[in-house]
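Accompanying notes for the structure given below.
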Amino acid sequence: MTREEVFERLTDVFRTVFDDETIELSDSTTSEDIDDWDSFEHINLIVAVEEEFSINIPMGEVTTMKNVGEMADIILAESSK
Amino acid sequence: MKELEYPFNSEEIIRRKKQFRKQLLKNPGLTPLKIAVLGGATTNDIVKIMELFLLNYGICPEFYESEYNRYYEDAMFPNPELEAFKPDIIFICTFNRNITSYPEIGDTSDVIAGKLENEYTRFENMWKMIASKYKCTIIQNNFEYPFFRLMGNRDASDPHGRVNFITKLNMRFNEYADSTENFYIHDINYISASYGIEKWSDPFYWHMYKYALSVPAIPDFSFNVSNIIKSVMGKNKKVLMLDMDNTLWGGVIGDDGADNIETGQETPIGQTYSEFQSYVKSIGQLGVLLTLNSKNDEETALEGLRRDDSVLKPDDFVLKKINWMPKSENLIDSAKDLSLLPDSFVFVDDNPAEREIVRANVPGAAVPEIGDRPEHYINIIDRSGFFEVTNLSKDDMKRNEMYKVNAKRMESLKAFTDYGEYLKSLEMKAEIQDFIPAYMSRISQLTNKSNQFNLTTKRYTQSEIEAVADNDSYITIYGKLADKFGDNGVVSVVVGHIIGDECHIDLWIMSCRVLKRDMEFAMMDILVEKCLSKNIKSITGYYYPTAKNAMVKEFYALQGFEKVFEDEEGNTRWKFELDKDYIKKNKYIHIENSGK
């Protein structure tokens, strides 16, 4: 899986979870950039991402993840395990 | 919405809940309901997903959510916010993480008994406080099993074990629920086991987010509690309508013959269908009406039920539509025959094409995706919660009987050319008087279930019914009707409140199974009698149209009221001037009031 593919699938997940078809993701996208991305929606987002990529993100990674770029890196690392 | 029907895809619900919510909010005619969720853990998504399932049941919930783990304080101490919210339902959403003190290995049996008592009393005090202060329905989670067992298997049998402790605590909760009205246990102990405790209790979600269950398990949890709520709100299904070939037995009776269909104990497939038939029979005992809807020649098809080894017999069904009509039409006809609405039906058929026809033509009827494996039929119908039981009254258990008796009445009607003579022949007796304690639960149930003969569609919880019965400025009347064929139980309720010398009718309902029996006139007579004894000069009636109550649009005109007001939405107000020379309208029902 390439990083581009990860972004493509992530965009789809973000658009469904936040019910907003206009969302565009970049490496530097953070919760500041998306209206409904609060700590509660973060949980749903992680669950949806885990399901989408069939991975389990470890606790430490969930808490330290700073932006979508880091999320993509974690997904790549976890799915190659 | 199909995505919210069991078996649903939890992951999809979590991912698309915003979209689903938007769509569901467009449905017309939603019943508002105030629910306070007092949580012992994070409840955010529990509430959001409950909202989806409730919207799907036609209920529009408004929520109060306690701050994280403030359930006890919210319930026990003065709480202006919750008081102002006036909840209809308080849901205490606690988990085994909220148990304050478990037995230690060194504890004596006295210490363990004390811990159990402490833990239980803390909850019981809370329930009693809520019941006296908020007078609302209470739903309480029981406890799921712990995710580890210190002693292994012995944890279940040894009083020091957590499994043992939780089991005892759950039993105490059950005893309270069994002896208390308007109090219901949300059985997460079962639902977590069914889901799989290991996945359900994944500690990741507790340590990360303070969720006491894993987020992917939340749809199962929320669906399960929503079923209790819709049942309390009178939104259960009332009829289980079944196809026959490959639904009640294996094979096609028209081709194979009654001797060759698969049922009974001879083959695994036969046993599977027999087990399903037993399940259906038990559902009938709950008061759910059983009917047939099958494309067959009637006599041939009934041979299948007349086999000695058939669990279900032709007599178990109150109505049989066995013909070559489209099944959707059979369903709509059945609804008319039973004086029920098509949306109170659950239609079970192994054939996806038949399911689709009914789904497309009878909106509101439930058509579960039971698949093509008979061994899974029970699971899917059971977990769908169509008939979730919150109160089991004697009336419920007798309902199939009552409908069969009604069929006999219809039969006897054919012998009369004069309807009045027919009514006379029924030898009807009614009890029509002030609410009495024995019927509070049935009265409240009726206010929540009646949709068609219902002038205002005002719903009452049992505590509200008890409150108006107790209030001198209200006139409350129930009517119970029996005849030579049998007892119909409580079938009509009127609630009026008095302002000065006027009585305003808040509620007038009647069960459709006693339509055209003059019961509404008998009720009017007693209402007038009570009003006159209180020196009331006039009665004001209200009609608020809904999608379902068109049959009573002109009800007050029939009773001799005059229309005094009508607005654009069709809401009408009616007035009846009382005078001492009121002539009784009921001619056929003998009133026998037993006193309290």
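What the table shows:
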{"read-out": "Selection status of B:Asp220, within 30 Å of A:Glu51 (Cβ to Cβ) and either crowded, with 16+ Cβ neighbours inside 10 Å or not assigned by TED's automatic domain parsing to the domain that holds B:Asn323 (or both)", "value": "yes"}
{"read-out": "Residue in the range B:456-477 that is surrounded by the fewest Cβ atoms within 10 Å (Cβ to Cβ), counting only those that are assigned to a helix (DSSP H, G or I) and in contact (Cβ under 8 Å) with a residue 12 or more places away in the chain", "value": "B:Ala467"}
{"read-out": "Close pairs from the range A:29-48: first without any contact (Cβ under 8 Å) to a residue 40 or more places away in the chain, partner outside any helix (DSSP H, G or I) and β-branched (Val, Ile, Thr), Cβ under 7 Å, at least 6 apart", "value": "A:Ile34/A:Ile23; A:Ile46/A:Ile57"}
{"read-out": "Count of residues meeting criterion [part of a loop (DSSP other than H, G, I, E, B) and surrounded by 13 or more Cβ atoms within 10 Å (Cβ to Cβ)] in the range B:406-445", "value": "7"}
{"read-out": "Matching option when the condition is surrounded by fewer than 17 Cβ atoms within 10 Å (Cβ to Cβ), more than 12 Å from chain B (Cβ to nearest Cβ) and not charged (D, E, K, R), among A:Ser54, A:Ser28", "value": "A:Ser28"}
{"read-out": "Residue within the range B:371-390 that is at pLDDT 90 or above, among the polar types (S, T, N, Q), within 25 Å of B:Asn246 (Cα to Cα) and not in a helix (DSSP H, G or I) present", "value": "no"}
{"read-out": "Exclusive hit being more than 10 Å from chain B (Cβ to nearest Cβ) and not polar (S, T, N, Q), set A:Phe7, A:Phe40", "value": "A:Phe7"}
{"read-out": "Within the range B:336-363, considering residues that are part of a loop (DSSP other than H, G, I, E, B) and within 16 Å of B:Val239 (Cα to Cα), the one farthest from the chain's Cα centre (by Cα)", "value": "B:Asp349"}
{"read-out": "Residue within the range B:513-524 that is surrounded by fewer than 16 Cβ atoms within 10 Å (Cβ to Cβ), not basic (Lys, Arg) and not in a loop (DSSP other than H, G, I, E, B) present", "value": "no"}
{"read-out": "Pick from the range B:190-207, criterion in contact with a helix residue (DSSP H, G or I) (Cβ under 6 Å, 6 or more places away or on another chain) and not hydroxyl-bearing (Ser, Thr, Tyr), ranking: nearest to the other protein chains (Cβ to nearest Cβ)", "value": "B:Trp200"}
{"read-out": "One residue from B:Ser274, B:Ser294 being outside any helix (DSSP H, G or I) and either within 14 Å of chain A (Cβ to nearest Cβ) or surrounded by 16 or more Cβ atoms within 10 Å (Cβ to Cβ) (or both)", "value": "B:Ser294"}
{"read-out": "Pairs, first modelled with pLDDT of 95 or more in the range B:266-288, second among the hydroxyl-bearing types (Ser, Thr, Tyr) and surrounded by fewer than 16 Cβ atoms within 10 Å (Cβ to Cβ), C-beta under 8 Å, six or more apart", "value": "none"}
{"read-out": "Single condition A:Gly69 does not satisfy, out of (1) loosely packed, with under 14 Cβ neighbours inside 10 Å; (2) more than 14 Å from every other protein chain (Cβ to nearest Cβ); (3) not acidic (Asp, Glu)", "value": "(1)"}
{"read-out": "Complete set of residues in the range B:156-203 that are outside any helix (DSSP H, G or I) and more than 20 Å from the chain's Cα centre (by Cα)", "value": "B:Asp158, B:Pro159, B:His160, B:Gly161, B:Gly196, B:Ser201, B:Asp202"}
{"read-out": "Within the range B:226-256, tally of residues that are at positive phi and in contact (Cβ under 8 Å) with a residue 40 or more places away in the chain", "value": "2"}
{"read-out": "Selection from the range B:1-33 of residues that are aliphatic (A, V, I, L, M), more than 22 Å from the chain's Cα centre (by Cα) and closer than 24 Å to B:Val232 by Cβ", "value": "B:Ile13, B:Leu25"}
{"read-out": "Among the residues listed as B:Asn549, B:Asn586, B:Asn571, B:Asn535, the single one being within 24 Å of B:Arg442 (Cα to Cα) and either over 29 Å from the mean Cα position of the chain (by Cα) or not charged (D, E, K, R) (or both)", "value": "B:Asn549"}
{"read-out": "Qualifying position, being over 26 Å from B:Ser179 (Cα atoms) and touching a His at 6+ places or on another chain (Cβ under 6 Å), among B:Tyr474, B:Tyr422", "value": "B:Tyr474"}
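The values are calculated or read from the model by the stated rules, or taken from the named source; none is laboratory data. These numbers come from a predicted model, not from an experiment. Quick reminder, even Gly has a Cβ in these numbers, built from the backbone with ideal geometry, and neighbours come from all protein chains shown.
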